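A.B. asks: Encoded as structure tokens, here's the structure I'll be asking about.
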Amino acid sequence: PPILSQRPRLVQSICLVVSLCLVAACGSGGYDSPTRHNVLLITVDSLRADHLGGLGYDKAETPHLDALAARGTLFTRAVTPVPESAPALASIFTGQYPASHGVRTSQDRALATHAVTLAETLTGAGYRTGAVAAALDLHPKYGFNQGFDSYVAAFAEAPRPSQLTEAGHPAGKVADLALEFMQTDRSK
């Protein structure tokens, strides 16, 4: 059955996913291991998992995501503690529930400064961290840039038709900005 078509009975913490990402990022030898792995976290708002080729949809038009999934670690069971973008992203970034990280709704979306983010944890482990944020919910004014070495708020200069004034760039532009960051200091 498609992953997102069933409503979960229990809300599980995204902390497990973040912990697994950290374990995978650090390799089997811990933080000092010479075989550290790169970590790439892609979040896409409102993307249906049952329409991704990597998850079996034969009419998918997601070749790049499918290729990443084939070469990396694909988590097939993930749930959110809240079905709103800003609080869900805050939970992904912190491994905490909304009551702890402070982002309870998309209207109340300022990340608490005391919340430790995945970017801060990875930076502390010697990683160079960067983000390209194209969703208004990730605007730096809400604190989602906390802990990143580089944080590009990729909002469009001019709105596309029927978009908000600060609407995000098309995916191709966001990918170009992310690739530009990834080409710098590849050792970290």
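A.B. asks: Please say if the stretch 51-134 is rounded, prolate or oblate, where rounded means a/c under 1.5 for a ≥ b ≥ c the square roots of the C-alpha gyration tensor eigenvalues, and otherwise the choice is prolate for a/b larger than b/c and oblate otherwise?
C.D. replies: The shape class here is oblate.
A.B. asks: Show me, for the stretch 102-113, the HN-Hα J-couplings you get by feeding each phi into the Karplus relation (A = 6.51, B = -1.76, C = 1.60, θ = phi - 60°), rounded to Hz, glycine and proline as x.
C.D. replies: Per residue, the Karplus-derived 3J(HN,Hα) values read x, 9, 9, 9, 6, 8, 9, 10, 8, 5, 4, 5 Hz.
A.B. asks: Then there is this: Any chance you could run the full-extension gain for Ala60 through Asp108? It's 0.36 nm times the residue separation minus the Cα-Cα distance, nm to one decimal.
C.D. replies: 13.8 nm
A.B. asks: Starting from 0.36 nm per residue, how many nanometres of slack lie between Arg186 and Arg77 once their C-alpha separation is accounted for?
C.D. replies: Working it through step by step, the gained length comes to 36.2 nm.
A.B. asks: Sticking with this one: Per residue, how many Å² of accessible area does the stretch 68-153 show with a 1.4 Å probe?
C.D. replies: Per-residue value: 48 Å².
A.B. asks: Run the numbers for Ala49 and Asp149: contour at 0.36 nm per residue of separation, minus the present Cα-Cα distance, in nm.
C.D. replies: Result: 33.0 nm gained on full extension.
A.B. asks: Now for a separate question. Computing the accessible area with a 1.4 Å probe over protein heavy atoms, can you report the carbon and sulfur percentage for the stretch 69-144?
C.D. replies: 54 percent
A.B. asks: Right, next: Taking the Cβ-Cβ separation of Glu120 and Leu179 as r and a Förster radius of 25 Å, what is the calculated FRET efficiency to the nearest 0.05?
C.D. replies: 0.60
The values are calculated or read from the model by the stated rules, or taken from the named source; none is laboratory data. This is a predicted model, so every value here is computed, not measured. Glycine also receives a Cβ, built like all others from the backbone with ideal geometry; neighbour counts cover every protein chain displayed. Each accessible area value is taken on the protein alone, full model and side chains, heavy atoms only, with ligands, DNA and RNA left out. Shrake-Rupley method; radii C 1.70, N 1.55, O 1.52, S 1.80 Å.
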